[in-house]
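Asker: Dumping the structure here so I can ask a few things about it.
Nothing in this text is a laboratory measurement; each read-out follows from the coordinates by a stated rule. Note that the structure is predicted; figures quoted are calculated from it, not measured. Ideal geometry is used to build each Cβ from the backbone, glycine not excepted, and the neighbour counts take in all protein chains shown.
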Amino acid sequence: MVTKTHSHRYRVSDNHPSLDGHFPGDPIVPGVVLLNHVQSIFQNWQPNYRVVGLQQAKFLAPLRPNQECLVTLTEKPANKVKFECTVGHETVATGLIQVEKR
């Protein structure tokens, strides 16, 4: 991989289709949507690599629609990449993905 750390900010809009029914009157972004963003951010950062597995994921706080989320990716040994998703100073999710060269 070219660099050791990469960060990217994004927001899930309040009209995202996954929010319908998750949960009515108090919507939160589903974990799978958050993980999809982590994978997409990784692919844009390291296009010569691909995600082949999710080794660990912890969801620590809800991510609400339209909140700015900062995803930080950090290269680890053995083709692993740690991710941390934060809103302000609060960590909403952390985990470890397995990657391999294309």
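Asker: With +1 on each Lys and Arg Cβ and -1 on each Asp and Glu Cβ, and nothing else charged, work out how big the dipole of the stretch 5-101 is about its Cα centre, in Debye to the nearest 20.
Answerer: The calculated dipole for the stretch 5-101 is roughly 380 debye.
Asker: Here's a follow-up. For the stretch 5-101, how big is Rg over Rh, using alpha carbon atoms and the Kirkwood form of Rh? Walk me through the numbers on the way to the answer.
Answerer: Details: Rg = 13.4 Å, Rh = 13.7 Å.
Answer for the stretch 5-101: 0.98.
Asker: Using Cβ contacts closer than 10 Å as the measure, can you line up LEU19, LEU54 from fewest to most? If you can, show how the numbers build up before the last one.
Answerer: Numbers: LEU19 19, LEU54 14.
Listing LEU19, LEU54 from fewest to most nearby Cβ atoms yields LEU54, LEU19.
Asker: For the chain, what does the relative contact order come out to in percent, with C-alpha contacts under 8 Å and a separation of six or more?
Answerer: Details: 184 pairs, mean separation 32.5, N = 102.
Here the relative contact order equals 32 percent.
Asker: Can you give me the angle between helix 31-45 and the longest principal axis of the chain, using Cα atoms only, in degrees from 0 to 90, rounded to the nearest 10?
Answerer: Value to nearest ten degrees: 40.
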